[in-house]
Amino acid sequence: MKIIFHSFLAPQLKSYFEFRQKLGYTSFAGATRQYQAKELDAYIVFHGVSSIRQLDEGFLVNWLHAVQRRSPATKNTMLWFARGFFNYLIRLELANANPMQRIRDLKTKHYQPYIFTLKEIQSLLEEARLYKCRWAPKCFLGPTMETLIFLIYACGLRISEALNLKIQDVDFEENLLSLWKTKFHKERLVPFSVAAAEKLKVYLDLRTKHFPPVSPQDPFFCHRAGKYTKHPIEFHFRQLLVRCGLAKPKGRGAPRLHDLRHYADTRIMPSQCGSPSDIFFLTRHNPEYAHRAWRNSRSLSVGL
């Protein structure tokens, strides 16, 4: 999607997005960053600012707190965006100093990944198998969600990596997934088990029956209009959480689909980790998370 800016910094904002993506931040031009950039651009236009010298610390603090209902976490992401953008302007020799450098981050509660139990994983897979879309009850959304959850859980993939898989990227002879242009433009091979191979074969047969692929480069996960995108899948995952009674676990927010990727560590690392301190060293999460992950890993024995 093309981003349009209107302030005197419009060319620099546009080139900053291109610069960050070339560095490997492939998702930098996502909706969140675009919104932050447009907010800053609109605020500059609204106040009639026409020079970088007018963008001082006070002006930018007022921009951060212009909408009081914003959470500290949202304001921090705005702060980080503006801080990086002004560093970019310094790099271009358009600014002498970064006015955001002295503005401290707001205090926020650090998010801890949710560690699913084996029973919760099984419940999610069972609910996903029976799940139907209200708008298209005859589509095979249920098997799609079941296979996606299984794949992310079994292989530790990012949701974008799973959705970007092409049919030719799944090698059933070697039981390998080929992931291309992932975060920081990296490529890697991910092995999968016999159980995962069976699940993927069943889904591919169903996908071929409903939407016959034109070429091996067609997306592995698809619907009537083409490839799935991240946000609808996350929406359906939240619906599954409600059905499983996991929408609001005691003492924390709802689990995310991405937490299944973190959860993969608790099954992949046990052979290398002899204690909670080993997991803490590898994951850099707090000791409580590391101990729970280690304890959970010792109780699981799933052929995934």
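The values are calculated or read from the model by the stated rules, or taken from the named source; none is laboratory data. Bear in mind the structure is a predicted one, so any value in this text is a computation, not a measurement. Note that each Cβ is placed from the backbone with ideal geometry, even for glycine, and that neighbours are counted across all protein chains shown.
Observations
- Qualifying position, being farther than 27 Å from Tyr25 by Cβ and touching a helix residue (DSSP H, G or I) at 6+ places or on another chain (Cβ under 8 Å), among Ala162, Ala154: Ala154
Quick grid of which residues meet (1) outside the structural domain of Ser15 (by TED's automatic domain parsing); (2) modelled with pLDDT of 90 or more; (3) surrounded by 18 or more Cβ atoms within 10 Å (Cβ to Cβ):
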| position | (1), (2), (3) |
| --- | --- |
| Phe86 | no, yes, yes |
| Lys109 | yes, no, no |
| Leu124 | yes, yes, yes |
| Trp135 | yes, no, no |
| Ala154 | yes, no, yes |
| Ala162 | yes, yes, yes |
| Glu173 | yes, yes, no |
| Lys186 | yes, no, no |
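- Within region 188-221, considering residues that are touching a residue at least 60 places away in the same chain (Cβ under 8 Å) and not in a helix (DSSP H, G or I), the one surrounded by the fewest Cβ atoms within 10 Å (Cβ to Cβ): Ser193
- Number of the exception - Glu39 against (1) in the same structural domain as Trp80 (by TED's automatic domain parsing); (2) within 27 Å of His231 (Cα to Cα); (3) exposed (fewer than 14 other Cβ atoms within 10 Å of the Cβ): (3)
- Residues that are within 30 Å of Pro72 (Cβ to Cβ) and touching a residue at least 60 places away in the same chain (Cβ under 8 Å) do occur in region 136-152, at least one of them.
- Pairs where the first residue, in region 55-77, is on the phi < 0 side of the Ramachandran plot and the second is hydrophobic (A, V, I, L, M, F, W, C) and in a helix (DSSP H, G or I), C-beta under 7 Å, 6+ apart: Leu60/Ala82; Trp63/Leu40; Leu64/Met78; Leu64/Leu79; Lys75/Leu64
- Residue tally, condition touching a Lys or Arg at 6+ places or on another chain (Cβ under 7 Å) and among the basic types (Lys, Arg), over region 195-233: 0
- Restricting attention to region 30-54, the residues that are more than 28 Å from the chain's Cα centre (by Cα) and touching a residue at least 24 places away in the same chain (Cβ under 8 Å) total 6.
- Residue pairs whose Cβ atoms lie under 6 Å apart, sitting 6 or more positions apart in sequence or on different chains, and linking a residue in region 85-105 that is more than 15 Å from Asp56 (Cα to Cα) to a partner that is outside any loop (DSSP other than H, G, I, E, B), are Tyr88/Tyr16; Asp105/Asn76.
- Residue match in region 150-170 (condition: farther than 29 Å from Lys22 by Cα, of a type in the set (D, E, K, R) and not in a helix (DSSP H, G or I)): no
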